[in-house]
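Trainee: So that we are looking at the same thing, I have put the structure below in structure tokens.
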Protein chains: 2
Amino acid sequence: MAQYSAEVDGVFVALADPTRRSVIRRLGRGPTSVGELAADFPITLPSFMKHVRTLESNGLIRTVKVGRVRTCVLNRDRLALVDDWLAEQRRTWEDRTDRLESLVTEPMEES
Amino acid sequence: MAQYSAEVDGVFVALADPTRRSVIRRLGRGPTSVGELAADFPITLPSFMKHVRTLESNGLIRTVKVGRVRTCVLNRDRLALVDDWLAEQRRTWEDRTDRLESLVTEPMEES
DNA sequence: CCGATAGTTAGCGCAAGGGCTAACTATCGC
DNA sequence: GCGATAGTTAGCCCTTGCGCTAACTATCGG
């Protein structure tokens, strides 16, 4: 039961927000300043910064401030945790026969 | 900007909770009744049911009630959305050179 | 039919999440 | 040095999420 990994949890929590997922996508194209990133979203800078902090504190991005500009960089390694999690799922369900599945495969009316 | 897919969003939101991820893992081993699932967690049944509903309404599991027992089944297809999302990330960042990355690769002191 | 079992419904409490404004700090450019 | 630019801090609001109890419904078993 359980197997609570705070790391994995943090990553999933960070990815649960569409704004943050968009930031990740954007950063896939290369490092970008906070201001430039924020311009894509209809929220205020302070609100946006919270997302940046969340992403950073969960390890999905790194940021560096040079002068007055903070630049964000994607941390791909961390996304791999999601991959690992998915892989583990697959491993689990490949280990078993699917006989029982058929019992409920055809969707019936909800009670 | 954006590309808001409610489906993808729902899946990530559902996966953001450790209890729900554990349920997914468990269901990887085969269909299981609500009661049996709930026994693994230190929360009350009604609380647990909310997680089940969340998983179901986001398409990660299906459930069928037979007599007084509700049985849950994993819906693997839905997990594939996560896979797709990750694949898209990789596609994006494979399309570019990594020159800029080095600028910030060595962690500096936080401001 | 009656008690036990398996979920369900209703409603409540509280902490966290995501948004905002206002006001402040720290460069940069000239 | 001064104004504009780029973040940052502080504090507030409101909704949502996740947990709980209490009480109810609906099988199942005998």
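The values are calculated or read from the model by the stated rules, or taken from the named source; none is laboratory data. Quick caveat, the model's predicted, so the values are computed rather than measured. Every residue, glycine as well, gets a Cβ built from its backbone with ideal geometry; the counts of neighbours run over all protein chains shown.
Trainee: Does B:Ser5 satisfy the criteria of being within 11 Å of chain A (Cβ to nearest Cβ), surrounded by 17 or more Cβ atoms within 10 Å (Cβ to Cβ) and among the hydroxyl-bearing types (Ser, Thr, Tyr)? Walk me through it before giving the result.
Mentor: Values: within 11 Å of chain A (Cβ to nearest Cβ): yes; surrounded by 17 or more Cβ atoms within 10 Å (Cβ to Cβ): no; among the hydroxyl-bearing types (Ser, Thr, Tyr): yes.
Here the answer is no, as B:Ser5 does not meet what is asked.
Trainee: Looking at B:Gly30, B:Gly35 in this structure, which one is modelled with pLDDT under 95 and surrounded by fewer than 19 Cβ atoms within 10 Å (Cβ to Cβ)? Don't jump to the end; show me each part of the working.
Mentor: Details: B:Gly35 fails: modelled with pLDDT under 95.
That would be B:Gly30, the only listed residue that is modelled with pLDDT under 95 and surrounded by fewer than 19 Cβ atoms within 10 Å (Cβ to Cβ).
Trainee: Restricting attention to segment B:69-81, does a residue exist that is at pLDDT below 95 and more than 18 Å from B:Val13 (Cβ to Cβ)?
Mentor: Among the residues of segment B:69-81, at least one is at pLDDT below 95 and more than 18 Å from B:Val13 (Cβ to Cβ), which makes the answer yes.
Trainee: Looking only at helices (runs of 4 or more DSSP H) that fall completely inside segment A:1-78, which ones have 1 or more residues that are free of Cβ contacts under 8 Å to residues at least 24 places away in the same chain and aliphatic (A, V, I, L, M)? I'd like the intermediate steps shown before the answer.
Mentor: On the way: elements: A:6-15, A:18-27, A:34-38, A:45-57.
Because the criterion is at least 1 residues that are free of Cβ contacts under 8 Å to residues at least 24 places away in the same chain and aliphatic (A, V, I, L, M), the helices (runs of 4 or more DSSP H) in segment A:1-78 that meet it are A:6-15, A:34-38, A:45-57.
Trainee: I would also like to ask the following. Quick check, is B:Pro18 surrounded by 13 or more Cβ atoms within 10 Å (Cβ to Cβ), at the interface with chain A (Cβ under 8 Å from one of its Cβ atoms), within 11 Å of DNA strand D (Cβ to nearest atom) and of a type outside the set (Lys, Arg)?
Mentor: Working: surrounded by 13 or more Cβ atoms within 10 Å (Cβ to Cβ): yes; at the interface with chain A (Cβ under 8 Å from one of its Cβ atoms): yes; within 11 Å of DNA strand D (Cβ to nearest atom): yes; of a type outside the set (Lys, Arg): yes.
So B:Pro18 fits the description; yes.
Trainee: Does A:Arg53 satisfy the criteria of being within 11 Å of DNA strand C (Cβ to nearest atom) and either buried (at least 18 other Cβ atoms within 10 Å of the Cβ) or of a type in the set (Lys, Arg) (or both)? Outline the logic, then answer.
Mentor: Values: within 11 Å of DNA strand C (Cβ to nearest atom): yes; either buried (at least 18 other Cβ atoms within 10 Å of the Cβ) or of a type in the set (Lys, Arg) (or both): yes.
Yes.
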